[in-house]
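Visitor: One structure coming up, written as structure tokens, with questions to follow.
The values are calculated or read from the model by the stated rules, or taken from the named source; none is laboratory data. Being a predicted model, the structure only gives us computed values, none of them experimental. Note that we place each Cβ from the backbone using ideal geometry, even for glycine, and neighbour counts take in every protein chain shown.
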């Protein structure tokens with residue numbers, strides 16, 4: 001019986017050893033805790049790029065989707081002949097500099113969604129500090145482009161801290177449509193058009209809003225903008241959770257009301 | 001009551017946030033306690049489910065051996081129960097002393113459910129004692145049905161206990177979206193916290209997984225008793241018990257991926273970034289390991305069946321097919337385990353020459369993987385069917401037609417799986433995801449309809465000889481051990497995935513882990529921890545089963561003894 005017992009112990013230990021060995025032979029990736037960046041007022045672009053690379057490959061989790069081709073555009077390698085992100089970021093949106101475009105992509109990812117991809121990117125200001133966001137922008141610009149992020153872009157009072165969710169402050173980046181209350185300007189600036197059709201333009205990820213006023217009240221529309229998960233339109237359940245929940249923070253009260261009135265009037 | 005919770009919250013605010021555990025650290029201490037408690041809990045929740053089913057088969061079919069088998073399952077429960085409670089207490093004390101502020105936060109929200117949990121635990125324990133110790137007293141007539149009802153009650157209490165505990169851990173994963181770091185825990189209503197996004201998917205997933213796990217451990221127990229048996233009768237009994245354990249484990253395993261798919265979908269819907277972290281982020285390699293483990297399960301389960309056919313007269317006619325079944329399983333496992341969207345840095349991307357590996361990229365997509373796993377499930381079902389048909393020859397006039405229809409159903413299901421697998425390469429991702437539903441439906445329909453035809457066709461079938469229980473080569477029993485170890489390890493791995501996607505949060509985006517252990521470790525470290533937990537668990541299981549054997553002789557009863565039960 002001892003021989004049988006030893007064989008059983010051998011089978012159990014051998015199986016455990018095999019699984020442990022395989023799991024230790026594959027690439028080892030640890031999920032790090034976000035750490036504060038210690039960048040002073042005299043930070044150089046090179047320091048920003050190095051810090052940004054660490055955030056990009058580490059706590060930012062950017063490599064999860066970017067660089068893999070199917071979920072989001074490649075950033076570090078060529079994308080459809082346009083080169084890495086630093087070479088193409090200034091040409092993405094008309095009239096928008098590379099820096100402004102990248103900032104918008106990180107903090108309002110729904111504002112402009114590259115054709116062929118779904119709006120799945122989260123608002124990175126929820127998990128990264130302004131310093132980290134600017135460091136990532138510098139790193140992305142360095143990918144075949146010119147780094148023009150500097151210490152002046154980083155908001156004062158945030159030089160050493162990690163404060164996800166903090167407002168971007170002085171950055172050259174615009175508030176939503178510069179406070180403009182024109183509904184269609186807002187509709188584009190907030191990225192609604194990426195998912196919702198209105199008239200002849202817009203996507204099909206969310207409900208068509210061309211005649212939204214005929215089937216929804218102003219109260220319903222307001223709730224849907226501020227708390228998109230509260231009620232999910234029939235037929236769009238699979239996209240629940242995609243619409244950002246941050247419009248209440250991004251729009252002024254006047255902008256919100258202008259947009260609600262406009263949509264409610266579309267009968 | 002509200003005052004009490006505000007007091008709890010005030011107490012929590014004045015507590016130190018953390019304490020450390022000597023030598024191994026607080027995270028390791030809690031990890032081991034939680035994992036081993038969970039393994040025992042899964043066992044004591046899974047086994048009663050098939051104990052009542054086998055008892056029912058014994059009552060309805062008037063077969064004493066099923067009743068005895070059920071009692072033997074329950075005897076294993078008895079000794080495992082105290083171990084579950086002990087490890088539960090260890091986990092609670094570790095949490096309360098090492099993570100006091102976090103534990104106080106949970107108690108402030110879930111206090112009443114914790115009291116209900118304790119009450120139900122009492123009920124469950126006493127129901128188990130009544131169920132086991134009343135076995136011989138209530139074995140006839142109506143009393144037997146009353147006894148069986150106790151088994152049902154045992155399952156009901158156990159399931160509610162599990163649901164309650166699941167609500168705590170799923171709240172940590174997916175707290176309601178209106179809960180923020182500033183929300184006072186006492187202001188969160190209990191039901192609001194319990195009915196969170198991942199609660200029900202986890203409940204269902206664990207319910208099924210417990211059956212799988214229970215079947216596997218029972219199979220390992222039976223295989224040990226088989227190897228240690230001194231008489232042919234004893235060997236025959238434990239051979240049969242091992243077969244039943246394996247049958248239960250593999251049958252429930254086939255359903256498990258669908259519950260897992262639902263859970264994954266809910267995670268994605270709750271938070272895209274959490275879903276992406278799980279499937280394509282730092283955990284992406286975990287799924288390659290999972291694929292390898294499941295391949296081992298399929299191969300070991302099928303191997304056990306094929307070897308088992310050696311003791312069935314008439315099975316020789318199916319032997320030539322096993323090599324083809326093996327080929328499909330191996331090819332399927334290779335495709336399923338092919339990496340695709342691996343997390344990669346800029347150097348790795350450059351080395352690969354693009355975002356995907358030029359060859360493996362095509363095999364690693366979900367279209368190929370879904371096709372592979374569905375064909376593996378079909379193949380395993382075919383193995384079961386051959387095993388079932390081995391020693392009978394149907395005599396119904398439509399037997400040939402029935403067999404042809406069965407073959408046609410297999411072919412049709414495989415064709416549907418292949419068609420949607422190939423078509424998936426030519427459509428958008430959102431459409432492709434929907435294809436997996438058609439593939440699953442085709443496989444499940446095939447399993448259901450082929451089984452129905454087979455049961456009807458086997459009526460009055462000519463026997464080619466009785467199964468020679470006990471005449472199994474010892475190597476088949478080691479396959480059962482590998483199954484048990486693999487299931488246990490897989491449970492540890494999936495637990496790491498579920499818990500690890502919270503990353504450095506105790507409660508996702510609400511309460512941050514600020515200890516020195518907050519970083520979520522890489523798979524290599526996790527694998528070492530899982531192996532340690534599995535080793536401790538299996539050692540304890542072996543010890544308490546040995547103790548159980550000392551206290552009471554085996555309950556197996558030779559066929560010649562009492563023939564009737566339940567009347």
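Visitor: Can you tell which of A:102, A:106, A:140, A:76 is crowded, with 21+ Cβ neighbours inside 10 Å, touching a residue at least 24 places away in the same chain (Cβ under 8 Å), part of a loop (DSSP other than H, G, I, E, B) and outside the structural domain of residue A:188 (by TED's automatic domain parsing)?
Guide: Sole residue among the options that is crowded, with 21+ Cβ neighbours inside 10 Å, touching a residue at least 24 places away in the same chain (Cβ under 8 Å), part of a loop (DSSP other than H, G, I, E, B) and outside the structural domain of residue A:188 (by TED's automatic domain parsing): A:76.
Visitor: Oh, and also: Please specify each residue of the range A:228-250 satisfying the condition of being more than 14 Å from chain B (Cβ to nearest Cβ), surrounded by 14 or more Cβ atoms within 10 Å (Cβ to Cβ) and modelled with pLDDT of 75 or more.
Guide: Selection gives A:233, A:247.
Visitor: Identify all residues within the range B:271-285 that are assigned to a helix (DSSP H, G or I), touching a residue at least 40 places away in the same chain (Cβ under 8 Å), at the interface with chain A (Cβ under 9 Å from one of its Cβ atoms) and over 22 Å from the mean Cα position of the chain (by Cα); write none if there are none.
Guide: Residue satisfying the conditions is B:277 alone.
Visitor: Within the range B:177-189, identify whether any single residue is away from every other protein chain (no Cβ under 14 Å) and modelled with pLDDT of 90 or more, and answer yes or no. Even if it seems obvious, please write down each step before you answer.
Guide: Taking the range B:177-189 first, the residues away from every other protein chain (no Cβ under 14 Å) are B:183-189.
With modelled with pLDDT of 90 or more added as a condition, the list becomes B:188-189.
Yes, because at least one residue in the range B:177-189 is away from every other protein chain (no Cβ under 14 Å) and modelled with pLDDT of 90 or more.
Visitor: In addition: Looking at this structure, is residue B:172 touching a strand residue (DSSP E or B) at 6+ places or on another chain (Cβ under 7 Å) and not in a loop (DSSP other than H, G, I, E, B)? Spell out how you get there, then give the answer.
Guide: Values: touching a strand residue (DSSP E or B) at 6+ places or on another chain (Cβ under 7 Å): yes; not in a loop (DSSP other than H, G, I, E, B): yes.
Yes, satisfied.
Visitor: Being touching a residue at least 40 places away in the same chain (Cβ under 8 Å), assigned to a helix (DSSP H, G or I) and within 14 Å of another protein chain (Cβ to nearest Cβ) is true for just one of B:453, B:482. Which residue is that?
Guide: After applying the criteria, what remains is B:482.
Visitor: Would you mention how many residues in the range A:43-64 are at pLDDT 75 or above and either part of a loop (DSSP other than H, G, I, E, B) or under 17 Å from the mean Cα position of the chain (by Cα) (or both)?
Guide: The number of residues fulfilling the criteria is 9.
Visitor: Return yes or no: is residue B:363 more than 14 Å from residue B:383 (Cα to Cα), more than 10 Å from chain A (Cβ to nearest Cβ) and modelled with pLDDT under 90?
Guide: yes
Visitor: Those residues that are under 17 Å from residue A:75 (Cβ atoms) and surrounded by fewer than 24 Cβ atoms within 10 Å (Cβ to Cβ), I need them from the range A:119-137; list them, please.
Guide: Listed by number, the residues that qualify are A:119, A:120, A:121, A:122, A:124.
Visitor: With the checklist (1) part of a helix (DSSP H, G or I); (2) buried (at least 19 other Cβ atoms within 10 Å of the Cβ) in hand, flag the one item residue B:143 doesn't pass.
Guide: It fails just one condition, (2).
Visitor: Give the number of residues within the range B:211-250 that are more than 18 Å from residue B:76 (Cα to Cα), more than 14 Å from every other protein chain (Cβ to nearest Cβ) and buried (at least 18 other Cβ atoms within 10 Å of the Cβ).
Guide: Final tally of qualifying residues: 3.
Visitor: Of all residues being under 16 Å from residue A:31 (Cβ atoms) and assigned to a strand (DSSP E or B) in the range B:493-511, which is farthest from the other protein chains (Cβ to nearest Cβ)? Just the residue, please.
Guide: Among those that are under 16 Å from residue A:31 (Cβ atoms) and assigned to a strand (DSSP E or B), it is B:506.
Visitor: Right, something else. Just one of (1) at pLDDT below 85; (2) surrounded by fewer than 16 Cβ atoms within 10 Å (Cβ to Cβ); (3) away from every other protein chain (no Cβ under 14 Å); (4) part of a loop (DSSP other than H, G, I, E, B) trips up residue A:173, so point out which.
Guide: (2)
Visitor: Kindly establish whether residue B:268 is without any contact (Cβ under 8 Å) to a residue 60 or more places away in the chain, part of a helix (DSSP H, G or I) and either within 11 Å of chain A (Cβ to nearest Cβ) or within 20 Å of the chain's Cα centre (by Cα) (or both).
Guide: yes
Visitor: Another question about this same structure. Picking from B:405, B:440, which residue would you name as being over 24 Å from residue B:239 (Cα atoms), over 26 Å from the mean Cα position of the chain (by Cα), away from chain A (no Cβ under 14 Å) and in a helix (DSSP H, G or I)?
Guide: Going through B:405, B:440 in turn, the sole match is B:405.
Visitor: Something else about it: For residues that are without any contact (Cβ under 8 Å) to a residue 12 or more places away in the chain and out of contact with any helix residue (DSSP H, G or I) (no Cβ under 7 Å at 6 or more places or on another chain), scanning just the range A:80-91, find the one that is surrounded by the fewest Cβ atoms within 10 Å (Cβ to Cβ). First the steps, then the outcome.
Guide: Residues of the range A:80-91 that are without any contact (Cβ under 8 Å) to a residue 12 or more places away in the chain, as a first pass: A:80-82, A:88, A:91.
Filter once more, so that each one left must be out of contact with any helix residue (DSSP H, G or I) (no Cβ under 7 Å at 6 or more places or on another chain): A:80-81, A:88, A:91.
On the way: A:80: 10, A:81: 6, A:88: 21, A:91: 11.
Here the residue is A:81.
Visitor: Kindly establish whether residue B:56 is at pLDDT 90 or above, buried (at least 18 other Cβ atoms within 10 Å of the Cβ) and over 18 Å from residue B:40 (Cβ atoms).
Guide: Numbers: at pLDDT 90 or above: yes; buried (at least 18 other Cβ atoms within 10 Å of the Cβ): yes; over 18 Å from residue B:40 (Cβ atoms): yes.
Yes.
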